[in-house]
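The values are calculated or read from the model by the stated rules, or taken from the named source; none is laboratory data. Predicted model, so just to flag it, every value in this text is computed and none were measured. We place every Cβ from the backbone using ideal geometry, glycine too, and count neighbours over all the protein chains shown.
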Amino acid sequence: MLYTDQDEVLIDATRASLLNGIEDFVARPDLADRCIFIQLAPIADDERRDEAELNAGFEAARPAILGALLDAVAHGLREWPRTRLKAKPRMADFARWATACEGAMFEPGSFEEAYRRNRKAAAADVIEADMVAAAIRTFMRTRDEWSGPAAELGEKLEGVVGDRQAKSKAWPDNPRALRARLQRAQAPLRKIGIVLTFDRTNRKHAIRITNANPAPARAKAGD
């Protein structure tokens, strides 16, 4: 829907949705954490097929595809009661069901590991696309903890990104806007070990950032 058509569009979906694009257009962390990203290889001109050839090939393969899916479902139904995840992601039921089915087609444990890598890569892409999240990652690279008000953090982050980015329209221009951007970036930053907490009752330590994996600080000349 074009944003000029309606104020709000509600979608009630129970099946998987396929989003297709040339560039990385999934930038919001809540959507990225619900996606499985697949990078397709380009098709050479001599390997392209017209629609009739594609349909004929699919019809020939349809029985084997259906049989494999039914085998996976039967395996999943049998394994579901005793399937447990090491950690529950946001789409916990989906992950548990796929894990229960994997033994029919893949080695046990392979889906959970592949799904974890996919979600981690998605979080890294979201951070790269968000200059505030990327600035936090850089700011905390050699720190294990920082706390202070949003205004002070904004000044420190502006020193990280430089005047050009800090004066751009994409950069939050006040502490309230910065806080909102940080709240949006909480989920992807948490996946790389950076945890943000917010305290409205303590202005001195309104924002607290901890980093579980700080890099060793570089020694300065003369240290």
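Of the residues contained in the stretch 166-174, none is found to be in a helix (DSSP H, G or I), within 24 Å of the chain's Cα centre (by Cα) and closer than 21 Å to ALA27 by Cβ.
The residue that is nearest to ARG190 (Cα to Cα), counting only those in the stretch 128-162 that are at pLDDT below 90 and in a helix (DSSP H, G or I), is GLU128. Just one of the listed residues (LEU31, LEU2) is under 30 Å from MET131 (Cβ atoms), aliphatic (A, V, I, L, M), modelled with pLDDT under 95 and assigned by TED's automatic domain parsing to the domain that holds THR99, namely LEU31. Within the stretch 195-216, is there a residue that is at pLDDT 90 or above, part of a strand (DSSP E or B) and of a type in the set (Ser, Thr, Tyr)? Yes, because at least one residue in the stretch 195-216 is at pLDDT 90 or above, part of a strand (DSSP E or B) and of a type in the set (Ser, Thr, Tyr).
Given the criteria among the basic types (Lys, Arg) and more than 23 Å from ALA212 (Cα to Cα), does ARG141 qualify? For ARG141, the condition - among the basic types (Lys, Arg) and more than 23 Å from ALA212 (Cα to Cα) - is not met.
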